[in-house]
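S.K.: I'd like to ask you about the structure that follows.
Taken together, the values in this text are just the output of simple stated rules run on the coordinates, not laboratory data. The structure displayed is predicted, hence computed values, not measured ones. Methodologically, a virtual Cβ is constructed for each residue, glycine included, from the backbone with ideal geometry; neighbour enumeration extends over all protein chains shown.
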Amino acid sequence: MNFQEGEVLYFDKPLEWTSFDLVAKVRYKISRFLNVKKIKVGHAGTLDPLATGVMIICTGKATKQIESFQYQTKEYVATLKLGETTPSFDLETKIDQTFETKHITKELVEETLQKFVGSIEQIPPAFSACKINGERAYELARKGEDVDLKPKLLVIDEIELLDFNLPEMKIRIVCSKGTYIRALARDIGETLNSGAHLTGLIRTRIGNITLDKCLKIEEIDKIMINV
């Protein structure tokens, strides 16, 4: 491998790591191995700290490929809890509202999910990296300030119900760049008249790169062996 000329690496991002944490770890390991102070390293698509799964890391001149990876189709497996909402739409923040769920059936869920297939408009979460007047939305949200984000057009290719055990459900989503699965959980909950939030999220694929092709962070030294 020639990290400075450019390599594309695949990792399974650990739970509670930010995307930057993973990039920083890879950059540190490669810099130490090459005995250089600086090497260009970037990722092709952010994952929230509470999500795990496929992250593509590019080094050197391969960072020019990042945009092409970002536009590839992504696949996720998400676990949602119905009947409760949180401000961040996941477990980062505490439950702020509860709702009735007795009316929800598996058939209603399957029918509701299909309403989100195709081109849809989605308002990003307030707790997101979207910028408002130069500031990240999550920075404003964590300070308790109002966050006004405009809807974005995106494409959901597939949604499949994998498991249903009220109040929890597990779904598989195939979608375009820019899709916030947390926001999708919010919208599914609202459509079901129950509220919902994410309790688990795994990115299982970017393009043709699947989770089984990814290294765990503790296996990072395997990369150096192949140099």
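S.K.: Given a 10 angstrom Cα cut-off, can you work out which residue in Ala62, Ala183, Ala78 is the most mobile in a GNM of the chain?
M.R.: Result: Ala62 has the largest fluctuation of those listed.
S.K.: Please find, in a Gaussian network model of the chain (springs between Cα atoms separated by less than 10 Å), the residue of Glu110, Glu158, Glu135 whose mean-square fluctuation is greatest.
M.R.: Sorting by GNM fluctuation, first place goes to Glu135.
S.K.: Are there GluC sites (Glu not before Pro) in the range 1-86 that DSSP puts in a loop and that have at most 12 other Cβ atoms within 10 Å, and which ones?
M.R.: Glu5, Glu16
S.K.: Using helices alone, what [θ] at 222 nm do you get for the chain, with -39,500 (n - 2.57) per DSSP H run of 4 or more residues, divided over all residues and rounded to the nearest 500?
M.R.: Numbers: 6 runs with 51 residues, N = 227.
Taken over the chain, the calculation gives -6000 deg cm²/dmol.
S.K.: Which FRET efficiency value, to the nearest 0.05, do you get for Gln72 and Arg142 by plugging their Cβ-Cβ distance into 1/(1 + (r/R0)^6) with R0 = 41 Å?
M.R.: Numbers: r = 31 Å, r/R0 = 0.75.
Taking R0 as 41 Å, the efficiency between Gln72 and Arg142 is 0.85.
S.K.: Can you tell which of Glu145, Glu190, Glu121 shows the greatest fluctuation in a Gaussian network model of the chain with Cα springs below 10 Å?
M.R.: Glu145
S.K.: In degrees, nearest 10, range 0 to 90: what is the angle between the Cα axis of helix 181-191 and the longest Cα principal axis of the chain?
M.R.: Value to nearest ten degrees: 10.
S.K.: Using Cα-Cα distances under 8 Å and only pairs 6 or more residues apart, what relative contact order does the range 102-227 have, in percent?
M.R.: Numbers: 142 pairs, mean separation 25.9, N = 126.
It rounds to 21 percent for the range 102-227.
S.K.: How far, in degrees from 0 to 90, does helix 19-34 lean away from the longest principal axis of the Cα atoms of the chain, to the nearest 10?
M.R.: Compared with the principal axis, the helix lies near 10 degrees.
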